[in-house]
1. Given the conditions (1) of a type in the set (Gly, Ala, Ser); (2) modelled with pLDDT under 95; (3) under 9 Å from the mean Cα position of the chain (by Cα), and given that residue 36 satisfies all but one, which numbered condition is not satisfied?
2. Being surrounded by 13 or more Cβ atoms within 10 Å (Cβ to Cβ), of a type in the set (A, V, I, L, M, F, W, C) and under 20 Å from residue 24 (Cβ atoms), is that true of even one residue in segment 67-86?
3. Scan segment 1-33 residue by residue and report those that are small (Gly, Ala, Ser) and surrounded by 13 or more Cβ atoms within 10 Å (Cβ to Cβ).
4. Counting only residues that are closer than 17 Å to residue 3 by Cα, touching a Gly at 6+ places or on another chain (Cβ under 8 Å) and crowded, with 18+ Cβ neighbours inside 10 Å, how many does segment 87-107 have?
5. Among the residues that make up segment 41-50, is at least one of them more than 17 Å from residue 86 (Cβ to Cβ) and either of a type outside the set (Lys, Arg) or surrounded by 18 or more Cβ atoms within 10 Å (Cβ to Cβ) (or both)?
6. So, of the residues in segment 1-37 that are without any contact (Cβ under 8 Å) to a residue 40 or more places away in the chain, out of contact with any Lys or Arg (no Cβ under 7 Å at 6 or more places or on another chain) and assigned to a strand (DSSP E or B), which turns out to be nearest to residue 98 (Cα to Cα)?
7. On the basis of being free of Cβ contacts under 8 Å to residues at least 40 places away in the same chain, within 10 Å of the chain's Cα centre (by Cα) and either crowded, with 16+ Cβ neighbours inside 10 Å or assigned to a helix (DSSP H, G or I) (or both), does residue 58 make the cut?
8. Of the conditions (1) touching a Gly at 6+ places or on another chain (Cβ under 9 Å); (2) β-branched (Val, Ile, Thr); (3) under 21 Å from residue 89 (Cβ atoms), residue 30 fails just one. Which one is it?
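The values are calculated or read from the model by the stated rules, or taken from the named source; none is laboratory data. Note that the coordinates shown come from a computational prediction; the quantities given were computed from them, not determined experimentally. Quick reminder, even Gly has a Cβ in these numbers, built from the backbone with ideal geometry, and neighbours come from all protein chains shown.
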Amino acid sequence: MARVLSISTDLMLGSRVDAGLTAAGHTVVTAPAIAGAPLDEVDLIVADLDVEKPAALVAAGLPVLGYYSHVDTDTRALADAAGVDKVVPRSRMARELPDLVAALLAG
């Protein structure tokens, strides 16, 4: 399985994401931001787009799954423009996390 960097400051959703990744067999590394995160130790980034700018995530050179509030269309547009690999609302993240990660890892 993969090593996944989880970036979130929302304790409730962040812990759900981390638990879902762990249950799917992935190793989870958590960080409050991309700066200082151990990028050389992970295969994929899963990030709350309220915490980190999409361009900074893409610049890391790893596949990125970003999630956002479904009402924040500006964040969605910024993520799409920056080239985030997969951008989904928080509700979809909660429902489909293992499948979303598997699809990104499969290429």
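1. Of the numbered conditions (1) of a type in the set (Gly, Ala, Ser); (2) modelled with pLDDT under 95; (3) under 9 Å from the mean Cα position of the chain (by Cα), the odd one out for residue 36 is (3).
2. No, segment 67-86 contains no residue that is surrounded by 13 or more Cβ atoms within 10 Å (Cβ to Cβ), of a type in the set (A, V, I, L, M, F, W, C) and under 20 Å from residue 24 (Cβ atoms).
3. If we filter segment 1-33 for residues that are small (Gly, Ala, Ser), which is where we start, we get 2, 6, 8, 14-15, 19-20, 23-25, 31, 33.
Result: 2, 6, 8, 14, 15, 20, 24, 31, 33.
4. At the first step, the residues of segment 87-107 found to be closer than 17 Å to residue 3 by Cα are 97-107.
If we keep only those that are touching a Gly at 6+ places or on another chain (Cβ under 8 Å) too, we end up with 97-98.
Next, only the ones that are crowded, with 18+ Cβ neighbours inside 10 Å stay: 97.
Going through segment 87-107 one residue at a time, the tally reaches 1.
5. Filtering segment 41-50 for residues more than 17 Å from residue 86 (Cβ to Cβ) gives 41.
Retained after the next criterion (residues that are either of a type outside the set (Lys, Arg) or surrounded by 18 or more Cβ atoms within 10 Å (Cβ to Cβ) (or both)): 41.
Checking segment 41-50: at least one residue is more than 17 Å from residue 86 (Cβ to Cβ) and either of a type outside the set (Lys, Arg) or surrounded by 18 or more Cβ atoms within 10 Å (Cβ to Cβ) (or both).
6. 28
7. Values: free of Cβ contacts under 8 Å to residues at least 40 places away in the same chain: yes; within 10 Å of the chain's Cα centre (by Cα): no; either crowded, with 16+ Cβ neighbours inside 10 Å or assigned to a helix (DSSP H, G or I) (or both): yes.
So residue 58 fails the test.
8. Unmet condition: (3).
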